[in-house]
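Asker: A single structure is presented below for examination.
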Amino acid sequence: MNYLIKQYKKDTNFKIKHNYLPEQFSNVNNYIKNIKKVVKRNAFTLGEDVEKFENIFKRKIKSKYCVGVNSGTDAIFLSLKALNIGYNDEVLLPSFTFYATLNPIVAAGARPVFVDCKKDFNIDPSKIENKITPKTKAIVIVHWAGRVCDMNKIIKIAKKNRLKIIEDSCHAYLSKYKNIYAGNFGDTGCFSLHPLKNVNVWGDGGMIITRNYSLYKKIKLLRNHGLLNRERMKVFGYNSRLDTIQAGIGIEMIKTIEKITKLRNHNAKLLDSELAQINEITLPERNIIRYENFQLYCFIAKKRDKLIKFLRKNGVDAKIHYPIPMHKQEPVKKYIKKKESFPNTEFVSKNILSLPVHQYINKKNIRLMIHLIKKFYNSR
Ligand SMILES: *Cc1c(COP(=O)(O)O)cnc(C)c1O
């Protein structure tokens, strides 16, 4: 059985769950009607739904070009290929992220080089430069949990060292930094449409945004076998198209994204106001130059493992994203040099906790979570 399905099944035992899919897609008919249209047209690959969804997707975040692809992972992979990054190149990435930031770098044939994070979970700009070598071609940054990285510093470093920037914005649709939407800072911005991301479809999907026309043209070729048209091939490509049926789902779903984001952010604010007063908890500083979009609600907690156990026993699906840092993963070890260390990443993975923050969490749920956390710390 697919491990995700097993995970969802277990989740139903909690009063306050991370999984919001049953509620979100309860109005299934609105979505089915778009699928019916695709079937009627018999246009099962690319076509007008994919184009329409790309246009809506990019307009909301004020981007110039947008290409629908197979997944968030492929969005990063095709970005690297379009930028001619591969064998003999080094690519920087944060050591604290989901594994899908790393895999496409390795798949492209490049060597991943890890940079430690700060205690706000994002890449530490002050640790980037001493990882740069003559082979370094690009940096993949991650706007963790919807919190945009320190882009001023990162752009400066990238310019000085002629590095391409790929933004893993899989958590950050509608997030902003100094009034610019995440994904618009780098050469490309990469998004996932996975069911557990904020813009989500009924399977896999991804989006790439860019301001660069020639990159846009190249990515469009790469996602569809490198074909200019039915007969003529321009480059070697892949099959990484955004599925047309999923685009139809996306067109319907994305109508609600502003509302979902507002509710998530409202919930985060309510949690913030109480949790900030608990000594044993450290929230990332909420910087006014950032408009965060709470894909996840994460913080640092003392006695984390005991707190998680306590919350889960009391019906709250508290989670760890992610307990084993990248550099400790078995296949990754060969890329780590002896003298390299990632103290913040290790600290974060030992102390981070995520609470459900999605649009179906209500005030009562939040009061209960806060009550339980206060009870846990006061009783010790
Ligand atoms: C989900 C995710 C991805 C990739 O998403 P898929 O669509 O599942 O391939 C990449 N990076 C981060 C940080 C993610 O959370």
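Asker: Quick one: in region 246-266, of everything that is buried (at least 22 other Cβ atoms within 10 Å of the Cβ) and in contact with a helix residue (DSSP H, G or I) (Cβ under 6 Å, 6 or more places away or on another chain), which residue is farthest from Arg286 (Cα to Cα)?
Answerer: Once the filter is applied, the top-ranked residue is Gly248.
Asker: Does Gly226 fit the bill of being open to solvent by less than 10 Å² (accessible area, probe 1.4 Å), more than 18 Å from the chain's Cα centre (by Cα) and either more than 16 Å from the ligand (Cβ to nearest atom) or modelled with pLDDT of 95 or more (or both)?
Answerer: yes
Asker: Taking Ile165 as the residue in question, decide whether it is away from the ligand (no atom under 16 Å from the Cβ) and at negative phi.
Answerer: Against the criterion (away from the ligand (no atom under 16 Å from the Cβ) and at negative phi), Ile165 does not qualify.
Asker: For region 53-65, indicate whether the set of residues that are among the charged types (D, E, K, R), modelled with pLDDT of 95 or more, more than 29 Å from Tyr238 (Cα to Cα) and open to solvent by 30 Å² or more (accessible area, probe 1.4 Å) is non-empty.
Answerer: No: zero hits.
Asker: Report every pair of residues separated by at least 6 positions or lying on different chains whose Cβ atoms are under 7 Å apart, first residue within region 50-72 and part of a helix (DSSP H, G or I), second within 16 Å of the ligand (Cβ to nearest atom) and open to solvent by 10 Å² or more (accessible area, probe 1.4 Å).
Answerer: From residues that are part of a helix (DSSP H, G or I), the pairs are Gly72/Ala100; Gly72/Cys170; Gly72/Ser192; Gly72/His194.
Asker: Quick one: how many residues across region 69-95 are within 16 Å of the ligand (Cβ to nearest atom) and either of a type in the set (Lys, Arg) or open to solvent by 10 Å² or more (accessible area, probe 1.4 Å) (or both)?
Answerer: So the count comes out to 6.
Asker: Okay, next question. Tell me, which helices (runs of 4 or more DSSP H) wholly within region 262-380 include 3 or more residues that are polar (S, T, N, Q) and at pLDDT 95 or above?
Answerer: Helices (runs of 4 or more DSSP H) meeting the threshold: 343-351.
Asker: Here is a further query. Across region 201-214, which residue is nearest to the ligand (Cβ to nearest atom) among those that are surrounded by fewer than 24 Cβ atoms within 10 Å (Cβ to Cβ) and of a type outside the set (D, E, K, R)?
Answerer: Gly203
Asker: Follow-up question, since we're still on this one. Can you pull out the residues in region 171-194 that are among the hydrophobic types (A, V, I, L, M, F, W, C) and open to solvent by 20 Å² or more (accessible area, probe 1.4 Å)?
Answerer: Those that are among the hydrophobic types (A, V, I, L, M, F, W, C) and open to solvent by 20 Å² or more (accessible area, probe 1.4 Å): Ile180, Phe185.
The values are calculated or read from the model by the stated rules, or taken from the named source; none is laboratory data. Bear in mind that the values here come from a model prediction, so they are computed numbers and not experimental data. Neighbour counts run over all protein chains shown; Cβ positions are idealised from the backbone, glycine included. We work out accessible area using only protein heavy atoms, side chains counted, and drop any ligands, DNA or RNA first. Shrake-Rupley method; radii C 1.70, N 1.55, O 1.52, S 1.80 Å.
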